[in-house]
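Structure first, commentary second.
The values are calculated or read from the model by the stated rules, or taken from the named source; none is laboratory data. The structure presented is a predicted model; accordingly, all values stated were derived computationally and were not measured. We place every Cβ from the backbone using ideal geometry, glycine too, and count neighbours over all the protein chains shown.
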Amino acid sequence: MASTCRAVIANLRTLQNPSFTRFPPCIPLTSRFFAVKQGFSSLRLNSNSSSFRRRSTKASMAEIVTPKSKGKVKVFDTEEDLAVALAKYAADLANKVTQERNSFTVVFSGGSLVKSLRKLVEQPYIDSVDWSKWHVFWVDERVVPKDHPDSNYLLAYNEFLSKVPIPAGNVYAINEALSAKGAADDYETCLKHLVKTKTLDQSQTTGFPKFDLMLMGMGPDGHIASLFPEHPLVQENEKWVASIKDSPKPPPERISFTLPVINSSANIALVVAGASKASAVYTALADVLNSEVLPVQLVAPEGELTWFLDKEAA
């Protein structure tokens, strides 16, 4: 294979001196990455009603019962409780997968999602997780330099990647030097190469890549990745990775996994916190008729969908 997906021997300088090396197309970044109780109550959502009934209040987590197609819904008293549970969920899944094979493929989004993973860089996970088998991707990315404040890569580096010993060659960032379309095509080529080499699984049902875990946030408007309400990109069903040049939310030029790729995942965790997201959460989970279908409502993975909500979002 040409330059796509090959490793480059270089070091990413520290963020105190944010001068970044330009990388060839879709290359695993070669930064030097450093090594960092819940009780249960039950909260039921009647499928024919929007009312919530809490049967026990002593615990920090409650579970909403919804129609099966909407997945498991876990509600936490605070965002801190959510972060604790999310770390355990991700670590347990990673350990299960890596006992069976040599790679654990995980996808990040931008926004507040990466901050919610902060407990993974603490004990006991920093020492118990086999980070050498993690392969990190992005469900969407802004076509900006890697040291730009809008870069999802930069956010992930600051909050997570700089604190865990994931091999540099296992982190796959876009080539931001290309156009949005070029970066999307290049990233898709990278994914196809990783499927061919068996690093990345492939859905036997759809033929799209099958990631072990996709960690995604949701916008107040119900958008996921860079799939926005009523945008034609939501309807894309052939490409693995698509480009967008007119994002309703700046910056306008981005790349994004398409919905078929998202829905081919083995596991999806939708992580949503804050009162600003409550309306979209209600639309997605309650049995109400709405003329507008939000992108988040179209998330239906082959495997398991789990919502992680704080009390404000729920």
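At pLDDT below 95 and among the acidic types (D, E): does that describe E230? It would help to see each step written out before you state the result.
Numbers: at pLDDT below 95: yes; among the acidic types (D, E): yes.
For E230, the condition - at pLDDT below 95 and among the acidic types (D, E) - is met.
When P251 is tested against (1) over 16 Å from the mean Cα position of the chain (by Cα); (2) farther than 20 Å from V114 by Cβ; (3) not β-branched (V, I, T), only condition (2) is not met. Filtered by the rule that a residue be closer than 19 Å to Y153 by Cα and either of a type in the set (A, V, I, L, M) or within 15 Å of the chain's Cα centre (by Cα) (or both), segment 230-248 gives V241, A242, I244. Residue count for segment 163-180, restricted to those that are within 19 Å of A94 (Cα to Cα) and not charged (D, E, K, R): 9. For segment 273-285, the criterion of being assigned to a strand (DSSP E or B) and under 18 Å from F108 (Cβ atoms) is satisfied by no residue at all. For segment 91-116, name all the residues that are small (G, A, S) and closer than 17 Å to N170 by Cα. The answer is A94, S103, S109. Out of all the residues in segment 192-208, is one or more within 25 Å of P295 (Cα to Cα), at pLDDT 95 or above, in contact with a helix residue (DSSP H, G or I) (Cβ under 8 Å, 6 or more places away or on another chain) and not in a loop (DSSP other than H, G, I, E, B)? Checked segment 192-208: at least one residue is within 25 Å of P295 (Cα to Cα), at pLDDT 95 or above, in contact with a helix residue (DSSP H, G or I) (Cβ under 8 Å, 6 or more places away or on another chain) and not in a loop (DSSP other than H, G, I, E, B). For segment 57-97, a tally of residues being within 16 Å of the chain's Cα centre (by Cα) and at pLDDT below 75 returns 0.
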